[in-house]
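Report on one structure; see the data block that follows.
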Amino acid sequence: MGKATALSIAKMGAELTIVCRDRTRGESARRDISRESGSASVSLMVADLLLLKEVRRTASEFRGSNGRLDVLINNAGSNFPGYVETEDGLERTMALNYFAPFLLTNLLLDILEGSAHSRVVNVSSSAHYSGRLDLDDINGGGRMGMGGLGAYGRSKLALVFFTYELARRLQGKGVTANCLHPGAVRTHIWAHAGVFRPLSMLASQFMMSPEEGARTQVYLATSSEVEGVTGKYFEKCKPKKSSEASYDEASAGRL
């Protein structure tokens with residue numbers, strides 16, 4: 001979906017920076033986007049956003065070569081089977097899906113504020129409806145269900161929390177923050193569904209394409225219809241009520 005999103009925005013004439021964890025595949029994606037869009041303004045940064053040091057390096061390198069940031073789309077994410085911690089001591093699904101966008105966004109906030117009217121777009125998931133977040137045990141402690149799909153729902157709920165809290169804190173600063181469910185999209189994430197992998201891979205053949213799945217995040221990043229709209233959860237380019245838990249302002253602030 002990231003590539004499809006980047007291509008759509010490049011076709012609109014935007015100057016883009018894409019972040020990929022593999023240089024060879026990233027450079028291939030950059031060339032494809034540039035060729036298909038006719039844009040010479042597509043650059044690549046290589047980083048494994050699973051690691052906080054890489055998130056910090058990404059922010060630092062971006063700041064070193066860019067004076068403004070009109071739109072930040074936090075698209076990277078995955079669903080890892082089982083419970084494994086990163087070198088930062090974070091459960092890896094939570095590390096990539098929540099802590100990476102949280103840290104990257106905060107490290108770039110001053111540039112976003114200086115580029116008003118700018119936008120933050122967080123790619124969440126309908127899986128957040130089943131998410132359960134224990135703020136006293138953010139990693140889940142390796143308990144059953146805290147890796148795999150349980151961790152995925154938890155991470156996506158955290159991302160909705162973050163979006164709403166960020167929107168509240170940025171009121172009046174010229175930066176909007178919204179999140180979205182892209183739909184059930186045919187991507188490689190289904191290869192990480194653990195014991196559900198065979199069924200998920202089969203079901204994915206009937207899901208929407210990455211291009212279709214990218215529509216809502218492209219809409220939130222570029223449409224004049226959502227200029228000034230903030231603190232919302234979207235699906236199919238329309239605002240939608242997120243889970244009851246996601247509106248707990250005290251928990252969002254604490255997170």
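Quick notes
- Scanning segment 76-91 for residues that are surrounded by 20 or more Cβ atoms within 10 Å (Cβ to Cβ) and either charged (D, E, K, R) or under 17 Å from Ile18 (Cα atoms) (or both) yields Ala76, Gly77, Glu91.
- Checking Val42, Val120, Val55 one by one, the residue that is in contact with a Leu (Cβ under 9 Å, 6 or more places away or on another chain), under 15 Å from Thr176 (Cα atoms), crowded, with 22+ Cβ neighbours inside 10 Å and at pLDDT 95 or above is Val120 and no other.
Condition check ((1) assigned to a loop (DSSP other than H, G, I, E, B); (2) within 19 Å of the chain's Cα centre (by Cα); (3) within 16 Å of Val218 (Cβ to Cβ)) across all residues:
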site	(1), (2), (3)
Lys3	no, yes, yes
Met45	no, yes, no
Phe80	yes, yes, no
Gly89	yes, no, no
Met94	no, yes, no
Phe102	no, yes, no
Asn106	no, yes, no
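- Pick from segment 58-69, criterion open to solvent by 70 Å² or more (accessible area, probe 1.4 Å) and closer than 25 Å to Ser223 by Cα, ranking: modelled with the highest pLDDT: Arg68
- Among (1) part of a loop (DSSP other than H, G, I, E, B); (2) open to solvent by 20 Å² or more (accessible area, probe 1.4 Å); (3) closer than 20 Å to Gly213 by Cα, the one test that Ile73 misses: (1)
- Failed item in (1) part of a helix (DSSP H, G or I); (2) of a type in the set (A, V, I, L, M); (3) within 14 Å of the chain's Cα centre (by Cα), with Leu50 passing the rest: (1)
- Pick from segment 227-255, criterion in contact with a helix residue (DSSP H, G or I) (Cβ under 6 Å, 6 or more places away or on another chain) and farther than 12 Å from Tyr164 by Cα, ranking: surrounded by the most Cβ atoms within 10 Å (Cβ to Cβ): Phe234
- Scanning segment 157-182 for residues that are crowded, with 22+ Cβ neighbours inside 10 Å and not in a helix (DSSP H, G or I) gives Val175, Thr176, Ala177, Asn178, Cys179, Leu180, His181, Pro182.
- Scanning segment 1-37 for residues that are surrounded by fewer than 14 Cβ atoms within 10 Å (Cβ to Cβ) and without any contact (Cβ under 8 Å) to a residue 24 or more places away in the chain gives Arg23, Thr24, Arg25, Glu27, Arg31, Arg35.
- Close pairs (6 angstrom Cβ cut-off, 6 or more residues apart or separate chains): at negative phi in segment 46-70, open to solvent by 70 Å² or more (accessible area, probe 1.4 Å) anywhere: Val46/Arg23; Asp48/Arg21
- Scope segment 8-30; condition outside any loop (DSSP other than H, G, I, E, B), closer than 18 Å to Pro210 by Cα and not small (Gly, Ala, Ser); matching residues: Ile9, Ile18, Val19, Cys20, Arg25, Arg30
- For segment 104-117, the set of residues classified as open to solvent by 40 Å² or more (accessible area, probe 1.4 Å) and touching a Ser or Thr at 6+ places or on another chain (Cβ under 9 Å) consists of Leu107, His117, listed by residue number.
The values are calculated or read from the model by the stated rules, or taken from the named source; none is laboratory data. This structure is a prediction, so every number in the text was calculated from the model and none was measured. Note that we place each Cβ from the backbone using ideal geometry, even for glycine, and neighbour counts take in every protein chain shown. The area values use the complete protein model at the heavy-atom level, side chains included, leaving out ligands, DNA and RNA. Shrake-Rupley method; radii C 1.70, N 1.55, O 1.52, S 1.80 Å.
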